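For reference, the structure discussed in these notes is given below.
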Amino acid sequence: MKFLKPTNDASRELLYELISGGSGILLGLFMFGHTALMASMLAGARGFDWVAEQFGRFHLDEPVVIVIFLLFLVHAVFASRKIPAKLEERRRILKLSRDLRAANGFQPHLDSLLWIWQVRTGMVILVLGSFHIILIGLDVFTPLFGERRGLEAQSTLEREQAGLWLPYVVLTICVAFHTAVGLYRLAVKWGVGARLSRRSLKVAEHVILWSMLGLGALTLTVMAGWISPPLAGLFGGAP
Ligand code: HEM
């Protein structure tokens, strides 16, 4: 039965690709929602608390934290399985294109450069993202922060203003890059490029990157207390 082995390896590889790509898409979609929901802070503490209350009312916060943490771990394990072998290959391609550039002005291989930064931002997200989800888990499952279990604007603002804004800035940059480049690479890999030109995919990648960075940075600036919430009027003024 030895002749079956390559087919088994190939179908296992396909399954792993589907798991790492599928979990990546789900996490990407979650991050769009996350960025939009965090932006409720632009309407002040009342805006954020209103959103948090809706989550609490429908008992959504506990299952969301558990499902996202599991998805996060599954994605980290399956997406990193090929890193050592591929890193070597990508480094060789980059070195070759750099040598060519030195010789005749050739551009370094952009996709290899993006892939290497995809791995670097993934490592940062693994550390800071795990810390963040555990912190949010403590907030949702225990009364450690604030006066009760569950998310509250007061605890979020206190944490940010005590200095957590700094790791969140790093996490926001890494997540925006990793999501935009990751979805672009999946679209190319899974053949969306056959229907849309590479140029349109690049435009979509830039729209995702800059909107996540822009909205994330504005939200963080409000959470850190550096500017007052610009949409506070929606909930009857500050706070
Ligand atoms: C498990 C579900 C999650 C919930 C309920 C949640 C909730 C929150 C909350 C309440 C904040 C405000 C800061 C704080 O209170 O400490 C925040 C900020 C942030 N979270 Fe999450 N989070 C979740 C998962 C994630 C994941 C998986 C990532 C990416 C790895 C992430 C990335 C960020 C970033 C970058 C910020 C900074 C502010 C921003 O850019 O919006 N979060 N999150």
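Quick note: the coordinates plus some simple rules give every number you see, no bench work behind them. The model shown is predicted, which means the values in this text are computed figures rather than measured ones. All Cβ positions, even for glycine, are placed from backbone atoms using ideal geometry, and neighbour counts span all protein chains on display.
Trypsin sites (Lys or Arg not before Pro) within the stretch 124-182: which are DSSP loop residues with at most 16 other Cβ atoms inside 10 Å?
Qualifying residues, ordered by number: Arg148.
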Angle between the chain longest axis and helix 61-79 axis [Cα atoms, degrees, rounded to 10]: 20 degrees
Using only alpha carbon pairs under 8 Å that are at least six residues apart, calculate the relative contact order of the chain and give it in whole percent. 30 percent
Which number gives the lysine pairs in the chain that have C-alpha atoms under 18 Å apart and are eight or more places apart or on different chains? 4
Rg to Rh ratio, the chain, alpha-carbon atoms and Kirkwood radius? 1.04
About its Cα centre, what dipole magnitude does the chain give when the only charges are +1 on Lys and Arg Cβ and -1 on Asp and Glu Cβ, stated in debye to the nearest 20? 1360 debye
Determine the sum of side-chain charges near Ile66: Lys and Arg each +1, Asp and Glu each -1, restricted to other residues whose C-beta is under 15 angstrom from that of Ile66. -2
Remind me, relative contact order of the stretch 130-239 in percent, using alpha carbon pairs under 8 angstrom and six or more residues apart? 24 percent
Taking the Cβ of Ser20 as the centre, find all other residues whose Cβ is under 12 Å away and add up their charges (Lys, Arg: +1; Asp, Glu: -1). +2
